[in-house]
Amino acid sequence: MPIKFVVLWSDALIYVLFAAISLFIFWARRKYHLRNSWKQVFSKPLAMISIVFLVVYSGIAFLDSIHFQPKTEKFAIESVLDQILAPLNTFYEVTYSKPFALHSYAKDIMTLSDGSVVRDYPKLSYSDLGQISIEERRAHMIDRTLNGAQYGAAAWIILSLLIFSYLSYRWKTNIFISLKKIFCHETELPWLAFFITLGIVLISMTVSWNLSQEFHIFGTDKVGQDVFYEAVKSIRTGLIIGTLTTLLMLPFAIFLGIAAGYFGGKIDDFIQYVYTTLSSIPGVLLIAAAVLSLQIFIANHSQWFETLTQRADDRLLALCAILGITSWTALCRILRGETLKLREMDYIQAARALGVGKLRIISRHILPNVMHIVLIGVVLDFSSLVLAEAVLSYVGVGVDPTTLSWGNMINAARLELAREPLVWWPLLAAFIFMFILVLFANVFSDAVRDGFDPRIRKL
Amino acid sequence: MFAYLLRRILYAIPVLIGVNLITFSLFFMLNSPDDMARAHLGYKNVNQAAVERWKIEYGYNKPLFYNPKDDGIQKITDTLFFQKSVKLFSFDFGSSDGGSDISYDITQRMWPSLAVAIPILLLGLLVEITFAILMTFFRATYLDFGGVLFCIILMSISGLFYIIGGQYLIGKLLNLVPISGYDGGFSAFKFVILPVVVGVIGGLGGSARWYRTIFLEEVSKDYVRTARGKGLSEIKVLFKHVLKNAMVPILTGIVVIIPMLFMGSLVLESFFGIPGLGSYTIDAIQQQDFAIVRAMVFLGSVLYIIGLVLTDISYTLVDPRVRLE
């Protein structure tokens with residue numbers, strides 16, 4: 001039986017997004033002014049570092065977006081990432097266990113092989129290490145780490161060599177001069193920072209993967225699911241909320257903002273009224289109201305959704321749409337103001353005098369001149385949206401409880417804070433994964449703003 | 001000025017009507033009252049009679065916009081839209097789906113919210129401005145760069161972690177203050193202090209960085225160069241000239257959120273168990289009490305619009321060049 005691929009709605013949108021970004025890169029490379037601005041963005045080492053992290057995160061999310069039906073079960077849907085992380089995707093312990101633990105967190109009554117009954121910490125069933133001491137476990141961990149680091153280093157060297165040979169081909173210099181250029185910071189872009197970050201990221205990825213094959217590196221949660229697996233799977237949810245929300249709201253914001261600014265009069269009044277009304281409702285409350293209604297709607301129309309995965313996926317998209325509705329107003333207002341300004345510029349007056357049609361003026365003269373605002377708005381929104389997901393899931397109006405997300409992880413772990421001893425590992429995992437994404441998104445968006453905002457840009 | 005204010009208030013009316021229509025269509029058109037009744041009663045073993053009883057009990061047994069069975073004005077007023085939405089305009093919030101009087105709850109729960117929100121605002125402003133002015137003083141040095149990086153790091157941590165970390169560190173490990181709860185009067189102090197600290201730290205990163213750009217913009221202006229040219233010390237320049245002028249955008253930016261302070265903070269209040277309007281709203285959301293959510297949405301919009309008008313007024317107060325026409 002051939003593998004049957006399944007395309008969820010969010011998968012399709014992610015493919016569209018990746019295609020759009022690739023097209024944009026291809027197109028922007030050939031435009032002198034855009035290339036210049038991007039060069040300025042990436043001339044900062046911090047921006048170069050953050051793009052490596054962001055690309056890796058997007059790559060993981062992309063692998064998690066290629067779904068198919070496994071041969072064994074009919075209703076389950078798996079992604080390529082699940083296959084890579086297997087057997088973590090289907091493996092469950094009984095309950096909590098600490099990171100790298102060999103035994104469960106809670107004592108349980110067990111019957112030994114000789115028939116006697118004891119109350120002790122049950123052994124975890126994940127690793128087949130048998131009864132080993134702490135020292136032996138450490139030896140195992142070091143072994144796994146070194147082994148994984150080898151893979152990572154190999155991948156790093158191959159990738160670096162490929163990129164390096166491409167670079168020296170582009171610079172038309174021989175290998176030694178290229179090496180000297182990179183190490184002495186004489187390149188236009190900070191390639192040294194790029195290569196170092198790439199190495200660190202690749203090695204830490206392979207090491208954690210290799211360790212995760214034998215240990216629960218971030219422990220397990222209440223139902224015994226591996227926390228590392230949850231945190232990795234949450235990357236897709238976070239990225240979807242951060243990107244698809246803007247993707248969904250962008251057409252409205254651009255179209256309405258430019259229309260209001262360019263046409264003025266009644267159209268302007270109406271559009272202004274719409275966004276004033278929407279923005280005067282406090283964001284969280286509007287989202288809460290919308291999601292509550294949505295929940296009831298889904299519950300009453302459960303026959304529309306074939307599988308649980310599909311329902312969770314549709315709910316995720318609906319959440320993106322709701323977040324988009326509440327967040328397009330700010331961008332729309334800025335675009336309207338900018339269009340008002342542009343409309344009176346000489347070159348647009350000239351175009352109008354020459355008889356260029358309205359739509360053509362908008363698409364050829366106004367749209368390209370507001371795109372930098374759109375770009376800055378999109379990258380600035382991204383990190384706040386990822387953070388918003390956590391808060392909304394806490395409030396109870398976030399993603400579906402069955403969807404793996406950092407917000408759901410924090411929410412579940414919060415209830416366990418009163419436990420003694422403390423269950424801290426789900427929080428730590430969610431914190432690390434979320435912090436890396438949001439931090440580098442923030443750094444990157446700063447660089448983009450500095451590169452594209454004409455008020456800041458130095459020519 | 002008076003004519004301007006009047007016009008602004010008149011303009012607020014269609015906006016509020018729009019808000020009402022949006023919430024009404026969210027709550028009543030997407031889901032029929034029958035659906036809501038089922039959601040409240042639980043989905044299993046609900047018969048139509050129980051649904052009807054629930055609808056009569058909470059006043060949902062009316063048509064949406066037009067009631068042909070009644071006479072005269074009642075054709076309009078005896079409908080869900082009039083009863084549940086239009087009445088909000090007179091701040092008659094009615095009773096919640098749980099049965100309590102919403103207006104009374106709001107007046108009771110307003111004070112704990114304010115007791116947390118006002119210290120956060122004032123203390124936060126003080127800390128943020130101090131931090132921003134320090135970064136401005138050391139501008140273009142590694143200290144400034146480190147400060148900005150610190151701000152970005154603070155911004156990148158979800159607010160939930162500040163709360164959890166604060167509760168664990170100060171409340172549980174050091175045992176300085178109770179983890180959650182509230183008490184009236186002066187004994188509220190020990191309950192309020194932890195949320196205030198957490199709130200201030202949570203808001204520090206973004207605001208300090210924003211204020212720093214305002215200060216830097218101000219520092220590069222001509223009058224500052226003149227002041228330096230006169231031979232004033234850097235400290236005097238910063239505090240006498242830059243701070244004063246930079247306070248204009250900072251304060252006018254804050255005015256818009258002042259009325260919203262009543263609403264409290266959703267997450268902070270519910271984590272720390274403060275019986276304010278924020279936790280009221282969160283409880284309502286989690287219990288799916290639509291009457292309360294509707295009331296809070298309306299109240300929030302009114303307060304936001306008041307904040308906008310106050311912002312305009314504050315511009316004329318601090319900057320005599322601005323005239324409201």
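The values are calculated or read from the model by the stated rules, or taken from the named source; none is laboratory data. Quick caveat, the model's predicted, so the values are computed rather than measured. For neighbour counting, all protein chains shown are included, and Cβ atoms are generated from backbone atoms with ideal geometry for every residue, glycine included. Accessible surface areas use protein heavy atoms only, side chains included; no ligands, DNA or RNA. Shrake-Rupley method; radii C 1.70, N 1.55, O 1.52, S 1.80 Å.
Can you tell which of A:Leu427, A:Tyr275, A:Leu404 lies farthest toward the positive end of the dipole of the range A:235-440, using +1 and -1 charges on the Cβ of basic and acidic side chains (Lys, Arg; Asp, Glu)?
A:Tyr275
Please give the charge dipole size of the protein assembly as shown, origin at the Cα centre, charges +1 on K and R Cβ atoms and -1 on D and E Cβ atoms. Round to the nearest 20 debye. Mind dumping the intermediate values first?
On the way: 67 positive and 59 negative charges, 619 e Å.
Result for the protein assembly as shown is approximately 2980 debye, rounded to the nearest 20.
Report D for chain B in µm² per second (integer): Stokes-Einstein, Kirkwood Rh on Cα pairs, 4 °C, 1.567 mPa s. Walk me through the numbers on the way to the answer.
Working: Rh = 23.3 Å.
Value of D from the Cα-based Kirkwood radius: 56 µm²/s.
Using the Karplus equation 6.51 cos²θ - 1.76 cosθ + 1.60 (θ = phi - 60°), what ³J(HN,Hα) coupling, rounded to whole Hz, does each residue of the range B:14-22 give in order, writing x for Gly and Pro?
Along the range B:14-22, the couplings run x, 5, 5, 4, x, 4, 4, 4, 4 Hz.
Starting from the Cα-Cα distance between B:Leu174 and B:Arg323, subtract it from 0.36 nm times their residue separation and give me the gain in nm to one decimal. Working shown, then result.
Working: separation 149, 0.36 × 149 = 53.64 nm, distance 5.38 nm.
Length gained between B:Leu174 and B:Arg323: 48.3 nm.
Would you mind estimating how fast the range B:189-313 diffuses translationally, via Stokes-Einstein at 25 °C and 0.890 mPa s with the Kirkwood radius over Cα pairs, in µm²/s?
Values: Rh = 17.5 Å.
Approximately 140 µm²/s, per Stokes-Einstein.
What's the percent breakdown of Cα-Cα distances in the range A:216-273 across 5 Å bins, shortest bin first?
Histogramming the range A:216-273 at 5 Å steps yields 4, 16, 14, 10, 9, 9, 7, 7, 6, 7, 7, 4, 1 percent.
Of the options A:Leu385, A:Ala350, A:Phe100, report the single residue whose Cα projects farthest towards the positive end of the charge dipole of the protein assembly as shown (beta-carbon charges: Lys, Arg +1; Asp, Glu -1).
Projecting each Cα onto the dipole axis, the largest value belongs to A:Ala350.
Determine the total buried accessible area between chain B and chain A, counting protein heavy atoms only with a 1.4 Å probe; round to the nearest 100 Å². Don't skip to the end; give the middle numbers.
On the way: alone 18250 and 24960 Å², together 39140 Å².
Rounded to the nearest hundred, the buried surface is 4100 Å².
Which of the three applies to the protein assembly as shown, rounded, prolate or oblate, going by the alpha-carbon gyration tensor with a ≥ b ≥ c and a/c under 1.5 meaning rounded?
Details: a/c = 1.44, a/b = 1.08, b/c = 1.34.
It comes out rounded by the Cα gyration axes.
Nearest 10 degrees, 0 to 90: what angle lies between the long axis of helix B:102-137 and the longest principal axis of chain B (Cα atoms)?
That helix lies at roughly 20 degrees to the long axis.
About its Cα centre, how strong a charge dipole does the range A:30-124 have in debye, to the nearest 20, once Lys and Arg get +1 and Asp and Glu get -1 at the Cβ? Please list the in-between numbers first.
Numbers: 11 positive and 8 negative charges, 185 e Å.
It comes to approximately 880 debye.
Near the amide H of A:Gln225, under 5 Å away, which other amide H atoms are found, from residues 5 or more places off or on another chain, if H is placed in the peptide plane?
A:Glu93
When the convex hull of the C-alpha atoms of the range B:270-316 is computed, what volume per residue in Å³ does it have? Present the calculation step by step, with values, prior to reporting the outcome.
Working: hull volume 3.5 nm³, N = 47.
Measuring per residue, one finds 76 Å³ for the Cα hull of the range B:270-316.
State the answer as a single residue: which of B:Gly124, B:Ser187, B:Leu88 lies farthest towards the positive end of the charge dipole of chain B, with beta carbon charges of +1 for Lys and Arg and -1 for Asp and Glu, about the Cα centre.
Final value for the positive-end residue is B:Gly124.
Solvent-accessible area of B:Lys221, probe 1.4 Å, all protein chains present, reported in Å² to the nearest ten, please.
90 Å²
Return the long-range amide H neighbours of B:Gly181 (sequence gap of 5 or more, or a different chain), with a cut-off of under 5 Å between placed amide H atoms.
B:Gly273, B:Ile274
Label points 7 Å out from Cα along the Cβ direction at B:Leu134 and A:Asp143: separation in nm?
So the two model labels end up 5.1 nm from each other.
Compute the distance from the alpha-carbon center of the range A:346-395 to that of the range B:176-254, in whole Å.
The two parts, judged by their Cα centres, are 32 Å apart.
So which aspartates and glutamates pass the test for A:Lys181, namely a Cα distance under 14 Å, with those fewer than 8 places away in the same chain ruled out?
Of all the aspartates and glutamates, none pass the test against A:Lys181 - Cα under 14 Å, at least 8 places apart if same chain.
Accessible area per residue for the range A:235-440 in Å², computed with a 1.4 Å probe and the full protein assembly in place, what is it? Can you show the working numbers first?
Values: 8230 Å² over 206 residues.
Value for the range A:235-440: 40 Å² per residue.
Multiplying the sequence separation of A:Phe5 and A:Ala330 by 0.36 nm and subtracting their Cα-Cα distance, what value in nm do you get? Write down the numbers at each step before the final one.
Details: separation 325, 0.36 × 325 = 117.00 nm, distance 3.89 nm.
Gain on extension, A:Phe5 to A:Ala330, equals 113.1 nm.
Measure out, as a whole number of angstrom, how far apart the alpha-carbon centroids of the range B:88-155 and the range A:76-100 sit.
That distance is 40 Å.
For the range B:206-296, what relative contact order do you get, as a whole percent, if you take Cα pairs closer than 8 Å and at least 6 residues apart? It would help to have the intermediate numbers written out before the result.
Numbers: 49 pairs, mean separation 15.0, N = 91.
Relative contact order of the range B:206-296: 16 percent.
Would you mind getting me the FRET efficiency between A:Cys184 and A:Lys31? Use the beta-carbon distance for r and R0 = 45 Å, nearest 0.05. Each step should come with its number before you reach the end.
Numbers: r = 31 Å, r/R0 = 0.68.
Efficiency computed from Cβ-Cβ geometry: 0.90.
Please report, in cubic angstrom per residue, the volume enclosed by the convex hull of the alpha-carbon atoms of chain A.
Expressed per residue, the convex hull around the Cα atoms of chain A is 209 Å³.
Compute the acute angle (0 to 90°) between the alpha-carbon long axis of helix B:142-155 and the principal axis of greatest extent of the alpha-carbon atoms of chain B; round to the nearest 10°.
Approximately 10 degrees, to the nearest 10.
Can you list, largest first and rounded to whole Å, the semi-axes you get for the range A:235-440 by taking the square root of 5 times each eigenvalue of its Cα gyration tensor? Mind showing how you got there, number by number?
Working: eigenvalues 325, 72, 40 Å².
Equivalent-ellipsoid dimensions as semi-axes: 40, 19, 14 Å.
A:His103's amide H: which non-local residues (gap 5+, or another chain) put their own amide H closer than 5 Å, with H modeled 1.01 Å from N in plane and none for Pro or chain starts?
A:Leu124
Note down the magnitude of the dipole of the range B:198-310 about its Cα centre, charges +1 on Lys and Arg C-beta and -1 on Asp and Glu C-beta and zero elsewhere, to the nearest 20 debye.
That gives a dipole near 780 debye.
Given R₀ = 35 Å, FRET efficiency for A:Ser116-A:Leu415 by Cβ-Cβ distance, to 0.05? Provide the component values of the computation, followed by the final result.
Working: r = 36 Å, r/R0 = 1.02.
Computed FRET efficiency for A:Ser116 and A:Leu415 comes out at 0.50.
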